[in-house]
Amino acid sequence: MVGGIADTHAVIWYTFSDSRLSSNARSFITSANLNGDHIGVSSITLIEMVYLIEKGRIAAESFTRLVTALEAPQSEFVEIPVDLRTARALSQIDVAQIPDMPDRLIAAPPWCPMCRLSAGMRKSSIPG
């Protein structure tokens, strides 16, 4: 089961054990894994990471680490595809609440209306 959706920075900071990830977010990811749940990583996060690498904003190793984590048999992460259902759910998200398109896509999984894990560990009540 997917217990939450991590945004781009949360995933990067978690995989690098970066202190910028809040202790609440780190605990949430760890607890989810210990309970047999996964943290979802939207396909848009992978695309955004490639973009950020091209812009020189993050290290290329960030992408490599995430892909390695996603492909690991006991990974705490699972990829969540951006598909037609996600596109339809996107229209239900208040642009004033989440104005940035990648963040809106991360928040849009129609099967998980209340799960969005950000670097600051907040959950949004997003309609599904």
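Residues in the stretch 76-96 that are surrounded by fewer than 16 Cβ atoms within 10 Å (Cβ to Cβ), under 17 Å from the mean Cα position of the chain (by Cα) and in a loop (DSSP other than H, G, I, E, B): how many?
Of the residues in that region, 2 qualify.
Of everything in the stretch 1-17 that's out of contact with any Gly (no Cβ under 8 Å at 6 or more places or on another chain) and aliphatic (A, V, I, L, M), which residue is farthest from SER62 (Cα to Cα)? Please lay out each step first, then the result.
Filtering the stretch 1-17 for residues out of contact with any Gly (no Cβ under 8 Å at 6 or more places or on another chain) gives 3, 7-17.
Right, trim to aliphatic (A, V, I, L, M) and you get 10-12.
Details: ALA10: 12, VAL11: 9, ILE12: 6 Å.
Across the stretch 1-17, the extreme among qualifying residues is ALA10.
Based on this model, can you work out whether VAL41 counts as in contact with a strand residue (DSSP E or B) (Cβ under 6 Å, 6 or more places away or on another chain), at pLDDT 85 or above and outside any loop (DSSP other than H, G, I, E, B)?
Numbers: in contact with a strand residue (DSSP E or B) (Cβ under 6 Å, 6 or more places away or on another chain): yes; at pLDDT 85 or above: yes; outside any loop (DSSP other than H, G, I, E, B): yes.
Judged against the criteria, VAL41 is a match.
Any chance the stretch 14-37 includes a residue that's in a strand (DSSP E or B) and either among the aromatic types (Phe, Trp, Tyr) or at pLDDT below 90 (or both)? Walk me through how you get there before you give the answer.
Narrowing the stretch 14-37 to residues in a strand (DSSP E or B): none.
The answer is no; no qualifying residue exists.
Residues of the stretch 48-63 being assigned to a helix (DSSP H, G or I) and touching a residue at least 24 places away in the same chain (Cβ under 8 Å), which ones?
Of the stretch 48-63, the ones assigned to a helix (DSSP H, G or I) are 48-54, 60-63.
Listed by number, the residues that qualify are GLU48, MET49, LEU52, SER62.
What is the residue count in the stretch 1-46 for residues that are under 28 Å from ASP83 (Cα atoms) and among the acidic types (Asp, Glu)?
Residues that pass the stated criteria total 2.
The values are calculated or read from the model by the stated rules, or taken from the named source; none is laboratory data. Since we're looking at a predicted model, the values are computed, not measured. Reconstructed Cβ throughout: ideal geometry from the backbone, glycine too, with neighbour counts over all protein chains shown.
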